[in-house]
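Peer 1: Structure below; questions to follow.
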Amino acid sequence: MRQSSTFFFILNCCVLITLTDGFSLSNCTIYFPFEYSGHLKVLCSRMSYRKIPSPLPHNTVNLDISYNAIHQIVEGDFIRLSNLIILNISHNRISEIHSNALSDLANLEELNLSNNKIKTVTTKLLNGLANLSHLRLDSNYLETTENHQEELQSPPFILLSELRVLKINSQRRGLNYIPSNFLKGLKNLQVFYAGNLNIENLHVDTFSYTLNLTFLDLASNNLANRNITLGRTHLKSLDFLVDANLSMLDLQNNSFTCDCSNAWFIDWAVKNNKTQVLYLNMYECRYPLSLSGKSLAAFNTESCNVNYDFICFVYSSSIVILTLVISFIYHFLKWQLVYAYYLFLAFLNDKKRKRTSNHLDFQYDAFISYSAQEEPWVLEELDQTAGVAGLKGSYALNTHLEIQGHVK
């Protein structure tokens with residue numbers, strides 16, 4: 001058993017020396033991550049390298065050159081590393097990556113460029129990384145150019161269709177805004193870290209390209225004084241939640257306005273069983289000042305609910321009842337209303353005449369309306385009344401005689 005172990009140890013050493021192609025083992029640590037596989041893991045961190053070390057073993061699958069002083073990556077630095085799967089170049093001073101400098105890494109799946117000085121990410125920079133599934137660009141100096149245009153002419157990740165995890169959080173100068181098509185091409189993206197970017201708002205189409213997104217981190221941004229409106233028409237911050245397939249959402253350290261404009265989000269965060277809003281009970285109201293410091297989840301949204309069904313019912317019922325009443329009055333009370341109308345006009349005219357100085361000068365002493373059948377009785381009554389009043393033979397009458405339905 002001991003002889004067998006000794007044999008394999010010597011064999012591994014021979015293979016290692018053969019495969020390193022003269023690479024200095026005194027500077028880096030090289031070992032087999034998988035026994036007898038022939039694939040190498042090369043650790044060259046904290047070596048004060050100012051450029052990508054070379055030559056590297058062509059069968060390297062995991063390369064760690066973090067915590068060095070590398071300033072740039074040029075085309076040809078990885079020309080013999082087509083088998084590389086994991087590349088860690090974090091915590092360097094990289095400010096420039098030449099176009100197609102990473103194009104030789106056709107099998108690369110994980111790329112860590114965090115904690116560098118990278119300012120821009122372009123399609124040419126990521127060209128050739130068709131199999132990339134994890135990309136870290138956090139803690140750099142990324143900034144959006146093109147004068148805050150809503151759309152980029154060339155979205156940087158459009159060729160990374162297999163990318164599942166993207167981290168761009170904690171840019172040192174703040175990204176301020178994310179163009180609407182910034183994530184175009186990331187149809188398989190599941191995890192997106194965009195915290196601490198000083199983002200003030202999000203375009204309605206920002207996450208329309210990432211329908212498989214399950215985890216979103218927007219913590220420590222600047223979403224204060226922005227209406228969180230649900231709908232596909234006028235998004236100010238979080239409309240993407242309508243279609244997003246999120247399982248977790250992190251909005252810590254943002255400023256929330258506790259009023260009816262954000263009521264939908266509060267209800268959604270509390271009642272939605274599909275998406276877990278991390279540390280929801282720790283979210284605090286910032287505005288209005290009367291609610292500052294109070295829990296966002298404790299805000300009572302009942303007063304913000306508008307029952308549109310009931311309003312429509314009352315409105316339609318009122319129209320129906322009004323139509324019925326008008327029809328009834330017109331059919332049964334038409335002439336009564338006409339009579340009342342003229343009587344009202346007479347009343348107004350009488351009031352007007354009484355206000356004048358000669359209001360006692362009347363043309364007639366009485367107005368009498370009667371039918372033809374009642375004429376004898378009316379005349380008799382008039383004579384008696386006039387006699388009692390001492391007006392017999394000296395009064396003027398305005399008679400109103402009806403004969404078989406006609407007025408004379």
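Read-outs throughout are calculated quantities, based only on the coordinates presented, and are distinct from any laboratory measurement. The model shown is predicted, which means the values in this text are computed figures rather than measured ones. Don't worry about glycine lacking a Cβ; one is built from the backbone with ideal geometry, like all the others, and counts go over all protein chains shown.
Peer 1: Go through L56, L43 for me and flag whichever is farther than 15 Å from L135 by Cα, in contact with a strand residue (DSSP E or B) (Cβ under 8 Å, 6 or more places away or on another chain), free of Cβ contacts under 8 Å to residues at least 24 places away in the same chain and not aromatic (F, W, Y).
Peer 2: L43
Peer 1: Same structure again: Scan the stretch 274-287 residue by residue and report those that are within 12 Å of S255 (Cβ to Cβ) and either assigned to a loop (DSSP other than H, G, I, E, B) or of a type in the set (S, T, Y) (or both).
Peer 2: Within the stretch 274-287, Y283, Y287 meet the criteria.
Peer 1: Determine, yes or no, whether N92 is farther than 22 Å from N169 by Cα and of a type in the set (S, T, N, Q). It would help to see each step written out before you state the result.
Peer 2: On the way: farther than 22 Å from N169 by Cα: no; of a type in the set (S, T, N, Q): yes.
In short, no.
Peer 1: For N127, state whether it is in a loop (DSSP other than H, G, I, E, B) and either in contact with a helix residue (DSSP H, G or I) (Cβ under 6 Å, 6 or more places away or on another chain) or surrounded by 22 or more Cβ atoms within 10 Å (Cβ to Cβ) (or both). Please lay out each step first, then the result.
Peer 2: Working: in a loop (DSSP other than H, G, I, E, B): yes; either in contact with a helix residue (DSSP H, G or I) (Cβ under 6 Å, 6 or more places away or on another chain) or surrounded by 22 or more Cβ atoms within 10 Å (Cβ to Cβ) (or both): no.
Here the answer is no, as N127 does not meet what is asked.
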